[in-house]
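Each remark here refers to the structure printed beneath this line.
The values are calculated or read from the model by the stated rules, or taken from the named source; none is laboratory data. Nothing here was measured: the structure is a model prediction, and the numbers come from that model. Cβ: placed from backbone, ideal geometry, glycine included. Neighbour counts: every protein chain shown.
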Amino acid sequence: MEIIIIGLLLGGTYALMAMGLQLQYGVARIMNLANGEVLVAAAFGTFWFFSATQVSPFVALIGIVPLAFVVNWAIYRFLMLPLVKRAKNQGQLEVDSILATFGISFIFIGILLAVFGGDYLSYSYMASPVHLLGETYGLNRIAAFLGSAVLCVGLYVWLNRTRAGLTLRAVAVNPSAASLVSINVVNASALAFALGGAVTAAGGMMLSMFLTFDASLGVIFTLKALVIVIMGGVSDIRGAILAAFILGLTETVVAILVDPGLTLAAAYVLFLIILLVRPQGLFGRRTS
Amino acid sequence: MNSEVRTFGIAVILFLAAATLPLISSGYLLSIGVSIAVYTVLATSWTLFSGPTNYISLAVAAFFGIGMYVVAGGIDLLPFPVLVLIGAVVGALFSAIVGLATLRISGVYFVIFTLGLAELIRQVVSWGQATMGTSSGLYVLTDFTDPQIYWALLVLAAVVFLIGWWIGRSRLGFALRIIGNDEVVAVHSGINTARAKVILFVISCTFASITGALVAPRYSYVEPTIAFNPFISFQVVIMALLGGVHRLWGPLLGVIPFTILWELISANFPTQTTLLLGAAFLLIVYFIPHGIVGLIESGIQKWKGDQHG
């Protein structure tokens, strides 16, 4: 029971992080390998903010989210767009964008190392125990879960109930058809990429409340987010949320019953199962 | 045919010239020579698969580490050449499994899968060592000298070049180039794309494992974080891209300047290497997308155009 609840709490936070990547890959069609570094940068930013001010980390969102939005918008506008225009086909764009975002991720790591050093950082906020169904849990995990849930629901409603959300979903389905109904695909993609970065950064802030971070950890989160997105199906948010809970549960089971050092292996096993059994994802439709 | 004989002759002369390095120098220069030889094998064999197909593999470190670990784990039990062979076989089997699982689907999934592979194996090996109660470090004590390792690597490099040359002329190489151009076209022309990709991936990874096995004696102390260092993968990719992946000799042109430059950078700016590696990635992607080979070839084209114009 304890495992299930911890796994669900973790999964909720993972869902937020994966939704960010899904916006970037599903709508803007950029496989962003620097996604995890944005998350770690946000976690470091929260750490710095909390250590300096002792104000609730949630307040840090006010600064982190717009900043991540602007930075990611700039990355799309000035680094990705030239690649989109240069590429002759989708395959070329994939190779170029993977290499470029890979380079960006190294630059992020380099900057984080220069500013914060190579140590593991964590802070203690709301670390008081909460009693739930006979077991005790850290209040910070529950707060992170609730915060993530609020943002996830907000994003879901925004995507499904507003005109801007409809625009993004149209681009996700088919960019060239979207441009026929006078959608500015470039602007929509830039918006999706920037929004995705902002959502990921919010995920980083949530995770920083109960995890320990160091500068090189980004790639692990990139991988986890990718596994979730692939498992859920690239274009379906419900799939990503379900997949996030599956990953959160699996990781917790492995960490508690086997060894905490094997969480990545757990993610890989899930990845393999999905690749072999259902490559289009849980909710994805089979394409040609 | 005539130009092919000439190219082959030049290659033999360069190979023999490279082989004299240990006779001239023993210390620092030779150690750079060994690094260049290691990365030449790794980058050229990487390009055998990733060059024509455009499938970026980030798994070199995983297979390099497997080879190294086989040697480190068995050095007290079996003779070194047998271990190198076992390392090659283990690397081949493992890459076949990875290839069969990921290469049947789109390229992005393959990249993602290889991205964390070295880290995955590192976690599993560390865990295995911890549960079996052995210490995480292994000593590789042999009486192999640097010149012997260097020559072994040179021979390996020659083998890679010969195989690469042969693949380039074979049906398999032709099939791969079509896959790289347009995978749908390849499928419709009756090419078994999955089989071609898996075969090349296995060849490429096997060489990485052999390289890891051969250089293991140089490290003398091996532990998971050393053997499965993901930076090796990234450096291999960047060197190959810098040189150019559409010619067999392209990666070599990237390996030599980059290895020397990297020696200088890591000696002078040890804390900024990650940042600089990232900057190098971006520079190559945006400014020299076809590598040094691309620069040379467009230069020649321009020069010829001027002559005729």
- prompt: When you look at residue B:245, is it of a type outside the set (D, E, K, R), buried (at least 23 other Cβ atoms within 10 Å of the Cβ) and not in a helix (DSSP H, G or I), yes or no?
  reply: yes
statement: A careful count of residues in region B:278-296 that are in a helix (DSSP H, G or I) and more than 28 Å from residue A:216 (Cα to Cα) gives 6
- prompt: Looking at region A:213-266, which of its residues are in contact (Cβ under 8 Å) with a residue 12 or more places away in the chain, within 11 Å of chain B (Cβ to nearest Cβ) and under 21 Å from residue B:129 (Cβ atoms)?
  reply: A:220, A:254, A:263, A:264, A:266
- request: For region B:96-116, name all the residues that are more than 8 Å from chain A (Cβ to nearest Cβ) and aliphatic (A, V, I, L, M).
  value: B:96, B:97, B:98, B:100, B:103
Odd one out for residue B:272, checked against (1) within 11 Å of chain A (Cβ to nearest Cβ); (2) at pLDDT below 85; (3) within 21 Å of the chain's Cα centre (by Cα): (3)
message: Can you confirm whether residue B:125 is surrounded by fewer than 23 Cβ atoms within 10 Å (Cβ to Cβ), among the β-branched types (Val, Ile, Thr), assigned to a helix (DSSP H, G or I) and within 14 Å of another protein chain (Cβ to nearest Cβ)?
response: yes
- line: Over region B:254-277, the set of residues buried (at least 19 other Cβ atoms within 10 Å of the Cβ) and in contact with a Leu (Cβ under 8 Å, 6 or more places away or on another chain) is B:254, B:258, B:274, B:275
message: Any residue at all in region B:128-138 that's in contact (Cβ under 8 Å) with a residue 12 or more places away in the chain, under 30 Å from residue A:258 (Cα atoms), surrounded by fewer than 21 Cβ atoms within 10 Å (Cβ to Cβ) and of a type in the set (S, T, N, Q)?
response: yes
query: Looking at B:251, B:217, which is the one that is in a helix (DSSP H, G or I), away from every other protein chain (no Cβ under 14 Å), in contact (Cβ under 8 Å) with a residue 60 or more places away in the chain and more than 17 Å from the chain's Cα centre (by Cα)?
result: B:217
- line: Of the residues in region B:72-94, those that are touching a residue at least 12 places away in the same chain (Cβ under 8 Å) and within 18 Å of residue B:141 (Cα to Cα) come to B:72, B:73, B:74, B:75, B:80, B:83, B:84, B:87
field: Odd one out for residue A:200, checked against (1) under 19 Å from residue A:103 (Cβ atoms); (2) more than 11 Å from chain B (Cβ to nearest Cβ); (3) surrounded by fewer than 24 Cβ atoms within 10 Å (Cβ to Cβ); (4) of a type in the set (S, T, N, Q)
entry: (3)
